[in-house]
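Read through the structure below, which is laid out as structure tokens, and then see the notes.
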Amino acid sequence: MRIVYGPHAVRALFKAGREIAVLHLLRSMKRRAEMEAIAKDSGARLMLCDRDQLDSIAGSRHHQGVVAEVADRRDYNEDWLESRFAQPAPNSLVLALDSIEDPRNLGACVRTAAAAGVDALLVPKSRGARMTPVAEKAASGGAEILPIIRVSNLVRRLDWFKAKGVQVIGAHEDAPLAWDRADYDQPSLLVLGSEGKGLRRLTMDACDQLVSLPVAGGIQSLNASVATGVLLYEVLRQRRVAENP
């Protein structure tokens, strides 16, 4: 079992048909009826708790009065990945995060990727944040939609995708090519780096090309989740234009 907290995340669990074993609600929570209905409709055991109890169960004070005990999500692994992308579709879109360290940033990237219809998210097994309850809350249910695969060697996996005909585009602040000048109307894998450090050198070397997102006003770089959103929606924009010239 895993812990998921926050009303948005729990609503997404319910809509995705995930098994909710226990739903803990703050006894004094206003508008409790919706969450009680979710507990009833999902067959979850409903527990009314005081705030201190909820804080302890969630391991956080930021649960907004809702904490769920949920069955572990499906384990997407590299075997699944190789089967899923044995023959990438023309509109395949994959996101890779190179050692994102902040779980809130990871969750926000997951939320945006799920909303943009990304086919899969790659994260390194040995580095970076994991899908903790903090990340789950930031993802607002995106982790229930988006396949997340922890890969043993990100660079080798990028090379594997390139061999399958998928272009690999990395984001780097010093790249001469602007983010909206790359051609995304083909199978694509986008790679974004960690907060502050960006892409590792080996990861950059594995990319077919690098793009940059301009910033002004003395700001050094965009937050990883913001950059993710900009790039993903540029992909969607270009593909929509190609479909409706």
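The values are calculated or read from the model by the stated rules, or taken from the named source; none is laboratory data. Because the structure is a prediction, the values reported are computed rather than measured. Note that we place each Cβ from the backbone using ideal geometry, even for glycine, and neighbour counts take in every protein chain shown. The protein model used for the area step is the full one, side chains on, heavy atoms only, and it has no ligands, DNA or RNA in it. Shrake-Rupley method; radii C 1.70, N 1.55, O 1.52, S 1.80 Å.
Numbers for the structure displayed
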item	result
Built amide H within the under 5 Å cut-off of Glu19, gap 5+	Ala71
Cα-based helix-to-principal-axis angle, 33-42 vs the chain, degrees rounded to 10	80 degrees
Helix axis angle, 224-243 relative to the chain longest principal axis, alpha carbon, degrees	70 degrees
10 °C / 1.306 mPa s Stokes-Einstein diffusion coefficient of segment 111-167, Kirkwood radius on C-alpha pairs, µm²/s	128 µm²/s
Debye equation applied to the C-alpha atoms of segment 54-99, log10 I(q)/I(0) at 0.13 Å⁻¹	-0.61
Residues whose placed amide H lies under 5 Å from that of Gly193, excluding near-sequence neighbours	Asp98, Ala171, Leu199
Antiparallel bridges, percent of DSSP beta bridges restricted to segment 144-245 (to nearest 5)	10 percent
Taking the chain and dividing mean pair separation by its residue count, relative contact order in percent (alpha carbons under 8 Å, at least six apart)	20 percent
Sum of side-chain charges, Pro88 neighbourhood, beta-carbon under 10 Å (Lys, Arg +1; Asp, Glu -1)	+1
Antiparallel bridges, percent of DSSP beta bridges restricted to segment 2-108 (to nearest 5)	65 percent
Between helix 103-115 and the chain: long-axis angle, C-alpha atoms, 0 to 90°, nearest 10	80 degrees
Whole-percent pair-distance distribution, where bins are 5 Å wide, for the alpha carbons of segment 119-240	2, 10, 19, 24, 22, 16, 7, 1, 0
Placed amide H near Leu48: partners under 5 Å, 5+ positions off or other chain	Leu25
Value in Å of the Kirkwood radius, where the chain supplies the Cα pairs that are averaged	19.1 Å
Share, in percent, of DSSP beta bridges within the chain that are antiparallel, nearest 5	30 percent
Per-residue HN-Hα couplings for segment 136-150 [Karplus 6.51, -1.76, 1.60; θ = phi - 60°; Hz; x = Gly/Pro]	4, 5, 5, 6, 6, x, x, 5, 7, 10, 8, x, 10, 10, 8
Above-threshold pairs, the threshold being 26 Å between Cα atoms, out of Lys15/Lys137; Lys15/Lys162; Lys40/Lys125; Lys164/Lys197; Lys137/Lys164; Lys125/Lys164	Lys15/Lys162; Lys40/Lys125; Lys164/Lys197; Lys137/Lys164
Positive dipole terminus of the chain, leading residue within Pro90, Ala108, Pro124 (C-beta point charges)	Ala108
Those trypsin sites (Lys or Arg not before Pro) in segment 38-123 that DSSP places in a loop and that have at most 16 other beta carbons within 10 Å	Arg61, Arg74
Accessible area (Å², per residue) of segment 6-105, counting only protein heavy atoms and a probe of 1.4 Å	57 Å²
Where only C-alpha atoms are counted, convex hull volume of segment 31-163 per residue in Å³	129 Å³
